[in-house]
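What follows is a structure written as structure tokens; I'll ask about it next.
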Amino acid sequence: MTGIDDLPIRDELRGKSPYGAPQLDVPVRLNTNENPYPLPEALVRRIAERVSDAARTLNRYPDRDAVVLRTQLAAYLTRTGGHQVGPRQVWAANGSNEVIQQLLQAFGGPGRTAIGFDPSYSMYALIARGTGTGWISGPRRPDYGIDEPAAVAAVREHAPDVVFICSPNNPTGTAVAPGTVTALYDAAQEVAGHPNGALVIVDEAYAEFSHQPSLLRLLPGRPNLVITRTMSKAFGAAGLRVGYLAADPAVVDAVQLVRLPYHLSAVTQATAHAALEFADTLLGYVEELKAERDRLVSELRALGCEVTESDANFVQFGRFEDTHAVWQRLLDHGVLVRDNGVPGRLRVTTGTRQENDAFLDAVRAVRKEISE
Ligand code: PMP
């Protein structure tokens, strides 16, 4: 049988495995930071109407520049992000993963490097690999915050072309202070051999869940700063596949050089349009999830776990000697959480109240089993 390595595949892909959070059929699935609430029925009906309209012209290619959607996303950011954003500053693609891929296609690539501060979102390194961009794993403090002096020093030392800052950070839940972002931005603009500076991507996939205001307000005067967002989490639309960015219009012009024509289907654009009409209802669910997230943090602490402060819709908890064994035991109790490879730590996504109770019961049971 032919294997991947028998193919004339690129050397850096040999022996590698694809990204794969397990999609297991268990009663309580809290492993991929999805929103546990299905879309409200009124929105489902609105999607059906908008998709029907779009279906009438599916013989045509969609709006290549997704102008209507970008206008609505800009209005959403302006209304909720505490900062005026115009449609020419916004770009959308199939999930923020695709946005990040397009950014690395335009600003990374062969002979170039990107840096992130680990543990962080594992797809940065994978998308770097896929786009032929060299990957540098930068440091983080033991409490999982970004170690600002060490991070600035790493940027100066490695002179990367792209800097990733995830805030709130996946998988730790840690928000990054605006001063740390500006310090890293300033360092990235002065790196040796880069007359135009380096691109700084702030991934705000979980911004709506944060105690801290959005970092969008840092955009003015920083043409190499990009804020990425997604409809997968706060909008409860992971299945939709829409992510977006806000940046200087020149960055939007740059990604248009690498995006595939008509990358965002008319069905996707119509569905996202409908979801944005229900933003206020969906943000109401976010408030409930934030309260549940805070409850998870305090109840896990009451159970004797070490819990990292969370600004996202998930919570990192530990400390476990054998993380994988605890993961498996929780699964045996019908609860799927995530082992992100952070030593001694697991990550649980905030679910519904019932799901969170089931998770907490499972943690209680597993702690008892372990101590017996
Ligand atoms: N950034 C971060 C930090 C994430 O956790 C995720 C999804 N888990 C993404 C980006 C990508 O999300 P999507 O492609 O669904 O927008």
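The values are calculated or read from the model by the stated rules, or taken from the named source; none is laboratory data. Source: prediction; values computed, not measured. Using ideal geometry, Cβ is built from the backbone for each residue, glycine included, and neighbour counts are taken over all protein chains shown. To get the accessible areas, we keep the full protein, side chains included, count just its heavy atoms, and leave off ligands, DNA and RNA. Shrake-Rupley method; radii C 1.70, N 1.55, O 1.52, S 1.80 Å.
Among 218, 276, 283, which is under 21 Å from the mean Cα position of the chain (by Cα), under 20 Å from residue 76 (Cα atoms), away from the ligand (no atom under 16 Å from the Cβ) and open to solvent by less than 30 Å² (accessible area, probe 1.4 Å)?
218
Let me spell it out: the conditions are (1) in a loop (DSSP other than H, G, I, E, B); (2) away from the ligand (no atom under 16 Å from the Cβ); (3) polar (S, T, N, Q); (4) surrounded by 15 or more Cβ atoms within 10 Å (Cβ to Cβ), and residue 196 meets all of them except one. Which number is the exception?
(4)
Would you confirm, using the coordinates I've provided, whether residue 156 is out of contact with any His (no Cβ under 6 Å at 6 or more places or on another chain), closer than 30 Å to residue 337 by Cβ and either in a helix (DSSP H, G or I) or open to solvent by 20 Å² or more (accessible area, probe 1.4 Å) (or both)?
no
A further question follows. From 175, 125, 106, 183, which residue is of a type in the set (A, V, I, L, M), in a loop (DSSP other than H, G, I, E, B) and open to solvent by 10 Å² or more (accessible area, probe 1.4 Å)?
Unique residue meeting the criteria: 175.
Separate question: Quick one: how many residues across the stretch 340-372 are open to solvent by 10 Å² or more (accessible area, probe 1.4 Å), within 21 Å of residue 285 (Cβ to Cβ) and either touching a residue at least 60 places away in the same chain (Cβ under 8 Å) or not polar (S, T, N, Q) (or both)?
5
Related question: Would you point out which residue out of 119, 62 is within 16 Å of the ligand (Cβ to nearest atom) and either in a loop (DSSP other than H, G, I, E, B) or not β-branched (Val, Ile, Thr) (or both)?
119
Further question on the same structure: List, please: which pairs have Cβ atoms under 7 Å, are six or more places apart or on different chains, and start with a residue in the stretch 82-93 that is closer than 12 Å to residue 252 by Cα and end with one that is open to solvent by less than 40 Å² (accessible area, probe 1.4 Å) and among the aromatic types (Phe, Trp, Tyr)?
As it stands, the answer is 90/244; 91/244; 92/244, since those pairs meet every condition given.
Sticking with this one: Mind checking which residues of the stretch 81-96 are surrounded by fewer than 19 Cβ atoms within 10 Å (Cβ to Cβ) and modelled with pLDDT under 95?
If the condition is that a residue be surrounded by fewer than 19 Cβ atoms within 10 Å (Cβ to Cβ) and modelled with pLDDT under 95, then 82, 83 are the ones that fit.
Take the conditions in contact (Cβ under 8 Å) with a residue 24 or more places away in the chain, within 16 Å of the ligand (Cβ to nearest atom), within 23 Å of residue 342 (Cα to Cα) and touching a Lys or Arg at 6+ places or on another chain (Cβ under 7 Å) and apply them to residue 146. Does it pass?
Yes.
Would you call residue 70 of a type outside the set (A, V, I, L, M, F, W, C) and in the same structural domain as residue 209 (by TED's automatic domain parsing)?
Spelling it out, residue 70 is indeed of a type outside the set (A, V, I, L, M, F, W, C) and in the same structural domain as residue 209 (by TED's automatic domain parsing).
Could you list, in sequence order, all residues of the stretch 22-59 that are assigned to a helix (DSSP H, G or I) and closer than 18 Å to residue 237 by Cβ?
Within the stretch 22-59, 41, 42, 43, 44, 45, 46, 47, 48, 49, 50, 51, 54 qualify.
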